[in-house]
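These notes concern the structure reproduced below.
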Amino acid sequence: MSPPIMFPEIDCPPPCGQFDLVVAASTNNFIGGDSYIPWTLKSDLAHFRRVTTARPSFVPDSTPFVNVVIMGRITYQSLPDKFRPLPGRLNIVLTRGNSANIPDHPLVRKVGSLDCALNLVQELRRAGPLLTDAGPVAVGSSFVIGGGEIYALAFQHPARRLLFLTRVKVSIDVSLFTRSAFIQDVDTYFTQLKDKTRQLPEEGGLESQVEMWLNSGIMPAVPEADTAPVASEQDTLDKGGDSEEDFLAMMAGAKAADARGRRTSF
Ligand SMILES: NC(=O)c1ccc[n+]([C@@H]2O[C@H](COP(=O)([O-])OP(=O)(O)OC[C@H]3O[C@@H](n4cnc5c(N)ncnc54)[C@H](OP(=O)(O)O)[C@@H]3O)[C@@H](O)[C@H]2O)c1
């Protein structure tokens, strides 16, 4: 069984509107190019699924829920058909006008800005349980999951809370991509919770670690005692088959063989 996810006890119960971010980045802050991610790390893909589907502390144990994943239109369209939208989560897609390319789906909403996405989450929470194919569910935590344009907005947004950063210890030669996406320097906007760092198993010669960072604006107001871990991953999150891990592996690795030639160092 995977190690539990440790969330610092800084939950602001809804409707406060905070969100967390999940990203995997190389040492030169590269996150993807030409609509794919040039590495395949199964343990990181499992981590992504666990974090974005974990039960928030404000949702009672017996209450069905969905978390929210917020992403840019390019990231959304880069998901393989079979896993678009990301299952078991409400997918909010940011677009300035290409919404016609995003088919309607009960688990998809299209919005024109990050603030609209966050407001929508608040409205849905206020409206009561969300009606889905699986029945009524509570609206849980919100996660910004990319890509580069949306991370740039989220890094600077005052409602950002935790950043789950998988640092992949490779430097990517970005000149090999037509369109590259990056994150900004994380320490400009976040402060690292160094005791929360977790090494991932080496895969394909690649080392990586999951780091947890907290909005620097929150940091001074959070007493040391409040950063104690309080929530653990639910066993149920590890059940339910491999479908999403397959998807995420596909997402990251569809062109992995091609990408191998693009890595400049390990
Ligand atoms: N490593 C990781 O963790 C990770 C995670 C996710 C994605 N990625 C990678 O990131 C890359 C994609 O990133 P990207 O920067 O090219 O694209 P993106 O951020 O996924 O999407 C950009 C699109 O979002 C919409 N958008 C951007 N700003 C907006 C705003 N202020 N209001 C409303 N809509 C807005 C626009 O859509 P319209 O054009 O429709 O207007 C824009 O074209 C891919 O290579 C993907 O594989 C990596």
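The values are calculated or read from the model by the stated rules, or taken from the named source; none is laboratory data. This structure is a prediction, so every number in the text was calculated from the model and none was measured. Methodologically, a virtual Cβ is constructed for each residue, glycine included, from the backbone with ideal geometry; neighbour enumeration extends over all protein chains shown.
Just a few scattered comments:
- Applying the criterion of being among the charged types (D, E, K, R) and over 17 Å from THR52 (Cβ atoms) to the residues of segment 134-167, the residue that is surrounded by the most Cβ atoms within 10 Å (Cβ to Cβ) is ARG167.
- For LYS82: the one exception among (1) surrounded by fewer than 21 Cβ atoms within 10 Å (Cβ to Cβ); (2) part of a loop (DSSP other than H, G, I, E, B); (3) of a type outside the set (Gly, Ala, Ser); (4) touching a residue at least 12 places away in the same chain (Cβ under 8 Å): (2)
- Some residue of segment 85-108 being part of a helix (DSSP H, G or I), under 19 Å from the mean Cα position of the chain (by Cα) and at pLDDT 90 or above: no
- The combined condition, being over 17 Å from the mean Cα position of the chain (by Cα) and not aromatic (Phe, Trp, Tyr), is not fulfilled by GLU149.
- Residue within segment 196-208 that is in a loop (DSSP other than H, G, I, E, B), in contact (Cβ under 8 Å) with a residue 12 or more places away in the chain, within 12 Å of the ligand (Cβ to nearest atom) and crowded, with 16+ Cβ neighbours inside 10 Å present: no
- Residue satisfying all of: in segment 171-188; within 12 Å of the ligand (Cβ to nearest atom) and in a strand (DSSP E or B); surrounded by the fewest Cβ atoms within 10 Å (Cβ to Cβ) among these: SER180
- All told, SER113 meets the bar of being polar (S, T, N, Q), farther than 20 Å from VAL137 by Cβ and free of Cβ contacts under 8 Å to residues at least 60 places away in the same chain.
- Residue within segment 97-117 that is buried (at least 18 other Cβ atoms within 10 Å of the Cβ), on the phi < 0 side of the Ramachandran plot and polar (S, T, N, Q) present: no
- Of residues in segment 140-161 being at pLDDT 95 or above and of a type in the set (A, V, I, L, M, F, W, C), the one nearest to VAL68 (Cα to Cα): PHE143
- Any hit, segment 29-43, residues being free of Cβ contacts under 8 Å to residues at least 40 places away in the same chain and buried (at least 18 other Cβ atoms within 10 Å of the Cβ): no
- Candidates are the residues of segment 56-106 that are more than 8 Å from the ligand (Cβ to nearest atom) and charged (D, E, K, R); the one that is nearest to LEU120 (Cα to Cα) is ARG89.
- Just one of the listed residues (GLY88, GLY72) is among the small types (Gly, Ala, Ser) and within 19 Å of LEU118 (Cβ to Cβ), namely GLY72.
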